[in-house]
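Step one of this worksheet: look at the structure below.
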Amino acid sequence: SPARPTRRAPPASCNAPFLVSYSFLAVQAVEQARGIAWTSVFASTALAFFVMLGFTRNWRIAVLATTTILAIVFTDCGLIHIYGWSLDVFEAVCITILVGFSVDYTVHLGVAYVEAPKHLAGDRAARTLHAVSTLGISITGGAASTAGACLFLFPAQILFLPKFGQFMLTAIVVAFVYAMGAFSALLACLGPVGSQGDLRTLATRLIGRATSTQQPPPPL
C-alpha cells in the first residue's frame, strides 16, 4: 500500500487566544471575587488571633475571641441567604471587610478582662463583670454611632450603597450581640483565672524545664 503523507500542523498565524464573551468574563470575575473573599476572611481571622495574642498575651483569650469572630462571620454569611442575596461581587466585597467589623468589640472586652484588677484574678464572673461594666458603655456607643451612619446609605440611588448599608448594619448588630452576649458568657465560664493561658508564665515554665533537664544529676 502506498505510504500515507505525514500531516503537519499549519503554522501559527495569530497570537495567543483570549476570551471575548462578556458573560464568561462576568462568571469568572464572580468566581475570583468569591475566592478572594473567603481567603481574606480566613487570613483576617488568623491575623486577628495573633493580634489578640499579642495584646492580651493570653492564648485562652485569643482562642475564645477567635471562636466568637468565626461565629459572627458564619452568622452574617447565613443572613445573606436569608435576605435572598446571591454571593456575587457586591456580597464578596462586603465579606472581605467583615472580620474588621467583627473583631472590634470582642477585642475590647478581651483586653478589659485581662487587665482586670489583681484582686479579681481568681474569679471569672467578677472579671467578666468588670470588663462589661468598664467598656460596655463605650462598645454600645460605638455600635450605635456606626449603625446610625449605615442608615444614611439606605436612601442612596446607587445600587451597591443600600445593600452595603444593610450588610454593615447587620454585621454591627450581630457583632455587638455576640460580643456582649456570647463572648461575655464564654469569659464567665471558660475565661482564664490566675496565670492560666499567660504566655509569660508558659515561657517561664518551659525555660525552667529546659534548664532543669540540662543540669547534670547530683553525685551519688
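The values are calculated or read from the model by the stated rules, or taken from the named source; none is laboratory data. Nothing here was measured: the structure is a model prediction, and the numbers come from that model. No Cβ is skipped: glycine too gets one built from the backbone with ideal geometry, and neighbour counts run over all protein chains shown. Keep in mind that these areas ignore ligands, DNA and RNA; they rest on the heavy atoms of the full protein, side chains included. Shrake-Rupley method; radii C 1.70, N 1.55, O 1.52, S 1.80 Å.
Observations, loosely collected:
- Leading residue by the ranking (modelled with the highest pLDDT) among those in segment 28-47 that are over 14 Å from PHE101 (Cα atoms) and polar (S, T, N, Q): THR39
- Criterion (within 12 Å of the chain's Cα centre (by Cα) and open to solvent by 60 Å² or more (accessible area, probe 1.4 Å)) met by exactly one of LEU70, LEU47: LEU47
- PHE101 meets all of the listed conditions (1) farther than 21 Å from ILE80 by Cβ; (2) modelled with pLDDT under 85; (3) surrounded by 19 or more Cβ atoms within 10 Å (Cβ to Cβ) but one, namely (1).
- Among helices (runs of 4 or more DSSP H) entirely within segment 150-220, having at least 2 residues that are at pLDDT 85 or above and within 29 Å of the chain's Cα centre (by Cα) singles out 160-177, 184-190.
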